[in-house]
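Worksheet: the structure to be examined is printed underneath.
The values are calculated or read from the model by the stated rules, or taken from the named source; none is laboratory data. From a predicted model like this one, the values you see are computed outputs, not experimental measurements. Please note: Cβ atoms are built from the backbone with ideal geometry, for glycine as well, and neighbour counts cover all protein chains shown.
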Amino acid sequence: MYQLLQDIVGQPALHSKWLNTLSFMENAGAKKISACEHPSLVDLIQLKHAAEEHRHAFYLKKQILKLDPEACKTYQRHELLAPDHTRHYLHQLDIQTCRYLKHHFQLSGQALKHAAYLYVTYAIEVRADELYPVYQQALDEAKSKVMVKSIILEEEGHLEEMIQQLRHFSSHWELHAQQIQRLEQQLFDAWTAAVEAEVNIYA
């Protein structure tokens, strides 16, 4: 992954699309969190997560201005890396997680939505905890003006909060979380391969 990120950071046009792709995914995550909200039983942590994911999407979008003020102003297909995989990544994880939880916990309706929110968010936060530090390393190596250190700190906090909520949800939460992470890993590998294929075309 580090080599791929080095290749991306070294090319401003690709780097802009990469930032826009991350922004799209953060925005998609924020919308998913909001979609899982109960009509009235919404707690502070869930509101905080949605707000911070939206802010990450905005922050990443602003970072593009450091590379090219005219680049990637929207989330249209041509402004994203691996657009099909990018657009379906989180949605597919949500669908697969719901199937898993429905089967193992016999959940439905709002209870299923909430459980999916917990496990999907956990898996994404674990991924963010791995991805953003490697990205920042590539940025530091290239002496880039782009920075994601503030996102790294907030994602670490999110992960701790999700672990606390999952402990309340199930005493065996880790076993189920590992299964969801396997689903996420497959989607991440497919997405990474698609991004790499597109980067190779530029190269």
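Points to keep in mind about this one:
- Extreme residue, nearest to Tyr119 (Cα to Cα), among residues of the stretch 32-46 that are surrounded by 15 or more Cβ atoms within 10 Å (Cβ to Cβ) and of a type in the set (D, E, K, R): Lys32
- Qualifying residue in the stretch 12-20 (condition: of a type in the set (Lys, Arg), under 17 Å from Ala197 (Cα atoms) and buried (at least 19 other Cβ atoms within 10 Å of the Cβ)): yes
- In the set (1) surrounded by fewer than 21 Cβ atoms within 10 Å (Cβ to Cβ); (2) under 29 Å from Gln137 (Cβ atoms); (3) modelled with pLDDT under 95; (4) not small (Gly, Ala, Ser), His49 fails one condition alone, (1).
- Leu67 under 11 Å from Ser16 (Cβ atoms) and touching a Pro at 6+ places or on another chain (Cβ under 6 Å): yes
- Residue ID - surrounded by the fewest Cβ atoms within 10 Å (Cβ to Cβ), chosen from residues in the stretch 156-186 that are touching a His at 6+ places or on another chain (Cβ under 8 Å) and part of a helix (DSSP H, G or I): Glu161
- Hits in the stretch 90-113 - residues which are basic (Lys, Arg), surrounded by 14 or more Cβ atoms within 10 Å (Cβ to Cβ) and free of Cβ contacts under 8 Å to residues at least 12 places away in the same chain: Lys102
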